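No lab work stands behind these numbers, since they all come straight from the coordinates. This one's a predicted model, so the numbers in the text were calculated from it and none came from an experiment. Ideal geometry is used to build each Cβ from the backbone, glycine not excepted, and the neighbour counts take in all protein chains shown.
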Amino acid sequence: MTESGYAQFDTDLGRCGVTWGPAGISGVRLPPATGAETGAPPPAVSAAIVRMTALLNGQADDLTDIDLDLSGLPEFNLKVYDVARAIPPGQTMTYGEVARAIGHPGSAQAVGQALGRNPCPIIVPCHRVLGADGKVGGFSAPGGSVTKLKLLAIEDAAPNGQPSLF
């Protein structure tokens, strides 16, 4: 990719947005996404939009091979995002499990803060990370925990075996 831009796309969850730069996707906006589109996305971003739309419409896809541009982010956050990206659709981990996976046991709160700053939800599936004992925990995207529960329901990953709200 040699250009930067922004585009919107519709999903069963609502209108989402995506930003990109020369190295890959740099941001994903969950509904309600707003902003002025900058033109047609390059082929790699178009393909990512198709796959994100399919995921949000219920088709399992881990999206792990989509190139991201997360330059300038703290190393701790990047480690957290790498672990989150490895969580398959339909499965979850806790903040504490992620903390242990990156070699920082006891840093569950810092993991939550890193995920709260996740610039690429869906591609970095922060919704698949739950609080202790399967509690939903927070979610910084519009709609908060309700959106997180919707995303988990789409993937058939109800926390703690809770029935879906949808």
Per-selection metrics, region 75-157 (Cα): Rg and Dmax in Å:
11.3, 31
Dipole-positive endmost among VAL18, MET52, VAL136 within the chain (Cβ charges, Cα centre)
VAL136
Rounded to the nearest 20 debye, dipole of region 75-157 from Cβ charges on Lys, Arg, Asp, Glu:
140
How much of the calculated P(r) for region 5-56 lies past 13 Å, in percent of all Cα pairs?
52
Based on the alpha-carbon gyration tensor of the chain, what equivalent-ellipsoid semi-axes (square roots of 5 times the eigenvalues) come out, in whole Å, largest first?
25, 19, 13
Quick check: pseudo-label points 7 Å beyond the Cα along Cα→Cβ at GLN59 and PHE76, how many nm apart are they?
3.9
